[in-house]
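Shown next, in structure tokens, is the structure this report addresses.
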Ligand code: ADP
Ligand code: MG
């Protein structure tokens, strides 16, 4: 039995016309000798009646803060509706489909509601359904605790569902269908002439996904990589070949940079020794912040200064904490972190220099940088982000 998992995102299942494209993709898989397993997200985006955010807006914000079981239960409803509607459309097209919740598909998670982690997939029921020649249509984004409470897997978690199901069923491949042709050299909403990437490594995509490119969830990459199952990112609305994600990536490519992405909502924090000479806590700032579970990044420690960034969500708690230990500091708000990824940049001199000179020549101030073997990060002001990404895209010749 050759299994393919086919996951369809919210925009791909939002209307009857679009769901007919889904039916086509399922029929193509069958024609090619695969047993398809379908995973669906909730229909549409915010504003549309069955999208997750629309469902959340039905209940009180205090309820959402305090009632974890109820929050995950309402958050999971969009996918349940979608799986039944999609099954109905598949049946109408002559296919034998059976809608299943995450729980019915055997997905067991921990009880970290709204961001649950998959512990195991009990795949027996799924295997029986597939052996009968039926098509399971599984709700993405959902699982169930050992005690039987419905959980959700975090935003973008339907990708994770597809990956864990793919691994549990030892699928030939996992196909992630979305509203773009595949993984591009930059978000096409930011760079108009962004280019489709044909092949890319798990590691490169993980960096991109983890640093803001929402085209696929980073956890899905991790699971697929552990199971060594190739991932394909494709467009529901076209016959584009899409992007293949595997261990090797594009070994033929001579491009130094593969793709760019960014995270906004960053704040830079500067703590100078000269302002804190009399503070006994100056040397312990990082451990104190860590003990308060505030996550930091771009951390640079110098003898006379400590610099790092936080997400804007953490601002209030960090300010309160540093004040409480009498540390003087300053903040640069409204920053964005650009991430430049390329497995070929390792050992090539001058990549950082090229980035800095491109930004400097265009009067974009670089607030901070960091690098590892296949990634460079650059902190700049939010207002420059679109311009900076477009300029770097050009500098590294990623356009069509
Ligand atoms: P879905 O609902 O199908 O899961 P998402 O909205 O989560 O779709 O992800 C698709 C979106 O990801 C695209 O519309 C695109 O704007 C965005 N995106 C960001 N970075 C990239 C990239 N490098 N390549 C392709 N798409 C990207
Ligand atoms: Mg998504």
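Worth a mention:
- The value of relative contact order for the chain, using C-alpha pairs under 8 Å at least six residues apart, is 13 percent.
- For q = 0.14 Å⁻¹, Debye-computed log10 I/I(0) when each Cα of the chain counts as one equal scatterer: -1.25
- Take 43-51, 164-172, 294-302 and order them by the average number of nearby Cβ atoms within 10 Å per residue, most first; the result is 164-172, 43-51, 294-302.
- Proxy reagent accessibility, fewest Cβ within 10 Å first, across 34, 8: 34, 8
- Relative contact order of region 63-154, taken over Cα pairs closer than 8 Å and 6 or more residues apart, is 35 percent.
- Cubic angstrom per residue, convex hull over Cα atoms of region 1-135: 100 Å³
- Expected-Rg normalisation [2.2 N^0.38 Å, Cα atoms] applied to region 150-271: 1.09
- Cβ crowding within 10 Å ranks 61, 369 as 61, 369, fewest other Cβ atoms first.
- DSSP bridge pairs, region 53-206: antiparallel proportion in percent, nearest 5: 55 percent
- Cα radius of gyration and Dmax for region 252-304 (Å): 17.1, 57
- Rounded to 10°, Cα long-axis angle of helix 351-361 versus longest principal axis of the chain: 70 degrees
- Inter-centroid distance (Cα atoms) of region 306-371 relative to region 242-259, Å: 27 Å
- Taking region 335-400 and dividing mean pair separation by its residue count, relative contact order in percent (alpha carbons under 8 Å, at least six apart): 41 percent
- Dividing the convex hull volume of the alpha-carbon atoms in region 151-195 by its residue count gives 96 Å³ per residue.
- Where the alpha-carbon atoms of region 306-388 are placed on the principal axes, they occupy 45, 26, 19 Å, in descending order.
- Whole-Å distance, taken between Cα centres, linking region 133-212 and region 85-109: 18 Å
- DSSP bridge analysis restricted to the chain gives an antiparallel fraction near 60%, rounded to the nearest 5.
Coordinate-derived values only; no laboratory data. Note that the structure is predicted; figures quoted are calculated from it, not measured. Counting neighbours? That spans all protein chains shown, and the Cβs are built from the backbone with ideal geometry, glycine included.
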